[in-house]
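Participant: Shown below is the structure under consideration.
The values are calculated or read from the model by the stated rules, or taken from the named source; none is laboratory data. As the structure is a computational prediction, the values presented were derived from the model and not from experiment. Please note: Cβ atoms are built from the backbone with ideal geometry, for glycine as well, and neighbour counts cover all protein chains shown.
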Amino acid sequence: MNWGVSMALRFAANIHFLYLEYDFLDRFKAAADDGFEGIEMTFPYDVTAEKTARAAAAAGLPIVEFNTPAGDLIPGKHRGHAPNPGEGDIFLKHIQKGARYARDVGCRKVLTLSGLKRPNIAFADQRACYIDNLKRGAELCASYDTKLLIEPNNVVDFPGYFLETMADVRAYIAAVDHPNLGAVFDFFHSQINEGDVTRCFSDSLDLIDHVQFGDNPGRHEPGTGELNFDHLFNVVENSGYTGWVGAEYFPSGASTHASLDWLRRRQ
């Protein structure tokens, strides 16, 4: 930890959660007008990289993180290919597509979903497959000058998800042992799976390349649930973390702008 070194937080808007009241390419300017300094996305592939890059440049905002493709997302049945024996070629095809898109929009970090635990496959086999695929995926992303990230998802909304805790993330990053593999820490997922989110963030700081947040329950804006974001933002700010903080939540009201009291307090 590097307590005592305060770094002003840089907030990015996830425009697949926020600004849905706008057409996709108009969300960049809307985010800039509200004071966001960066953009993150989930799956942007239905819009060409050229159009996405142009909209980001016109708004003056960098694209800082998004997801690689993951196939059809079916709750409890499918959420990525990484730990599934026999699906490594599909996984790498998706990694390459994401890394190319990242290169073309000037983004340096992509997140891959980690799939589900399969009761019909021995866990040891899934673990070995996951490690091997992450090694190959991290190396492939490195060739595009893009870092590959992994993240726990909460098992209430995403039952059976392969990564549940930051301890899991630490173990797999150590097993993969590749400098181009890092982690996303999401306060929303962490609160549900682990609680004690201040400690969890602090203990994981050496792994974290990107931070995201939403309140719980509901995954809405700060102030709608049980998390104390004034405290948590101060923790992140004073930790020495220098990366982006992504707003990945569903506004509780009719507009994104109305959900941004938390951002206006930080400006």
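Participant: Go through the range 57-90 and give me each residue that's surrounded by 23 or more Cβ atoms within 10 Å (Cβ to Cβ) and under 16 Å from Lys117 (Cα atoms).
Facilitator: Gly80, His81, Ala82, Pro83
Participant: To continue, here is another question. Take the residues of the range 28-53 that are free of Cβ contacts under 8 Å to residues at least 24 places away in the same chain and not β-branched (Val, Ile, Thr): which is surrounded by the most Cβ atoms within 10 Å (Cβ to Cβ)?
Facilitator: Here the answer is Asp33.
Participant: Just give me the residues in the range 96-120 being over 23 Å from Thr165 (Cα atoms) and either part of a loop (DSSP other than H, G, I, E, B) or in contact with a Leu (Cβ under 8 Å, 6 or more places away or on another chain) (or both), in sequence order.
Facilitator: Gln96, Ala99, Gly106, Cys107, Arg108
Participant: Continuing with the same structure: I need the full set of residues from the range 238-267 which are in contact with a Leu (Cβ under 8 Å, 6 or more places away or on another chain), under 27 Å from Asn180 (Cβ atoms) and buried (at least 16 other Cβ atoms within 10 Å of the Cβ), in order please.
Facilitator: Matches in the range 238-267: Ser239, Tyr241, Val245, Ala247.
Participant: Taking only pairs six or more apart or across chains, which ones have beta-carbon atoms under 9 Å, a first residue in the range 194-218 that is modelled with pLDDT of 95 or more and of a type in the set (Ser, Thr, Tyr), and a second residue that is surrounded by 16 or more Cβ atoms within 10 Å (Cβ to Cβ) and in a loop (DSSP other than H, G, I, E, B)?
Facilitator: From residues that are modelled with pLDDT of 95 or more and of a type in the set (Ser, Thr, Tyr), the pairs are Ser202/Ser239.
Participant: For the range 243-261, how many residues are hydrophobic (A, V, I, L, M, F, W, C) and touching a helix residue (DSSP H, G or I) at 6+ places or on another chain (Cβ under 6 Å)?
Facilitator: 0
Participant: Does Ala124 fit the bill of being at pLDDT 95 or above, out of contact with any His (no Cβ under 8 Å at 6 or more places or on another chain) and closer than 29 Å to Val156 by Cβ?
Facilitator: yes
Participant: Ser190 - would you say it is in contact with a helix residue (DSSP H, G or I) (Cβ under 8 Å, 6 or more places away or on another chain), of a type in the set (S, T, N, Q) and over 26 Å from Asp33 (Cβ atoms)?
Facilitator: For Ser190, the condition - in contact with a helix residue (DSSP H, G or I) (Cβ under 8 Å, 6 or more places away or on another chain), of a type in the set (S, T, N, Q) and over 26 Å from Asp33 (Cβ atoms) - is met.
Participant: So is Phe187 buried (at least 16 other Cβ atoms within 10 Å of the Cβ) and either without any contact (Cβ under 8 Å) to a residue 60 or more places away in the chain or hydrophobic (A, V, I, L, M, F, W, C) (or both) or not?
Facilitator: yes
Participant: Return the pair list, or none, for Cβ contacts closer than 8 Å from residues in the range 96-114 that are surrounded by fewer than 21 Cβ atoms within 10 Å (Cβ to Cβ) to residues that are part of a strand (DSSP E or B) and of a type in the set (Lys, Arg), at least 6 apart or on different chains.
Facilitator: Note: pairs meeting the criteria are Arg108/Lys147.
Participant: Further question: Does any residue in the range 1-14 that is within 24 Å of Val64 (Cα to Cα) and modelled with pLDDT of 70 or more come within less than 8 Å, Cβ to Cβ, of a residue that is assigned to a strand (DSSP E or B) and among the charged types (D, E, K, R) six or more places away or on a different chain, and which pairs are these?
Facilitator: From the range 1-14, the pairs are Ala12/Glu40; Ala12/Glu65; Ala13/Glu40; Asn14/Glu40.
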